[in-house]
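Here, each number is a calculation from the coordinates, and none is a lab measurement. Just so you know, these numbers come straight off a predicted model, no measurement behind them. Cβ placement follows ideal geometry from the backbone for every residue including glycine, while neighbour counts extend to all protein chains displayed.
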Amino acid sequence: MTDKTFNVLFLCTGNSARSILAECILNRSGQGRFKGYSAGSHPTGQVNPNAIDLLKSLNHPVDGLRSKDWLEFAESDAPSMDFVFTVCDQAAGEVCPIWPGQPMSAHWGLPDPAAVEGTDAEIAAAFAETYRMMNARLEAFINLPLKSLDRLTLQKQLDDMGGSTPESA
């Protein structure tokens, strides 16, 4: 692997919470080395307000965030992806478009905080926990020695990151 900025696409069904959180975390933590994007197989058309509130509270930029269809990233003029991660089980089971450039992929399923019902505090806690788990995975990812790993070893590392239980993430 070379000294370049790696493009990473996070996929979820609705592209309203988990994939949006991942995009924002990576764009801050991996700044200069990684560029995060997100999309959904059936986008809701809006970013979940609880995700926006959490991101704002953690000083992430939220301008320009939107729920978008994953087909945008299969177009010939789309950025070429180096990595594609599914972050929800439903999207992992769907047939994805063919991504130009044959990016490496892995499934990093996380519970859907947007599906949590309860008090405002319980919902906020679910979003915070999803953020915590995704942040831990992305910190491990951005610290991988990409230059020194062959493709098979890197794929194993990516798969192992997604296979960890939410409690150990």
Could you name the aspartates and glutamates whose alpha carbon sits less than 16 Å from that of Lys4, not counting residues in the same chain fewer than 8 places away?
Asp82
Work out the charge dipole of the chain with +1 on the Cβ of Lys and Arg and -1 on the Cβ of Asp and Glu about the Cα centre, then indicate which of Leu146, Leu110, Ser19 is farthest towards its positive end.
Leu146
In whole Å, largest first, what are the principal axis extents of the Cα atoms in segment 6-163?
47, 30, 28
Note, segment 24-33: 3J(HN,Hα) by Karplus (6.51, -1.76, 1.60, θ = phi - 60°), whole Hz, Gly/Pro = x, goes 5, 4, 5, 5, 8, 5, x, 3, x, 10
Quarter of Cα convex hull surface for segment 38-89, i.e. mean projection, nm²
4.6 nm²
Using a Cα-Cα cut-off of under 16 Å, which lysines could be cross-linked to Lys156, ignoring same-chain neighbours fewer than 8 residues away?
Lys147
Quick one: angle between helix 151-163 and the longest Cα principal axis of the chain, in degrees between 0 and 90, rounded to 10, please.
10 degrees
Can you list the residues, at least 5 places off or on another chain, whose amide H is less than 5 Å from the amide H of Asp69, using H built in the peptide plane?
Gly40
With the crude spin-label approximation of a point 7 Å out along Cα→Cβ, what separation in nm comes out for Leu58 versus Glu72?
2.1 nm
At a 10 Å Cβ-Cβ cut-off, how would you order Cys12, Cys24, fewest neighbours first?
Cys24, Cys12
Under a point-charge model restricted to the Cβ atoms of Lys and Arg (+1) and Asp and Glu (-1), what is the dipole moment magnitude of segment 6-163 relative to its Cα centre, in debye to the nearest 20?
540 debye
Förster-model FRET efficiency, 22 Å R0, Glu129 and Gln155, C-beta, rounded to 0.05
0.20
Taking only Cα atoms, what is the 0 to 90° angle, nearest 10, from helix 120-142's long axis to the longest principal axis of the chain?
10 degrees
The Kirkwood hydrodynamic radius of segment 1-86, taken as the inverse of the mean 1/r over all distinct Cα pairs, in Å, comes to 13.0 Å
I need to check one value: relative contact order of the chain, counting alpha carbon pairs closer than 8 Å and at least 6 residues apart, in percent.
24 percent
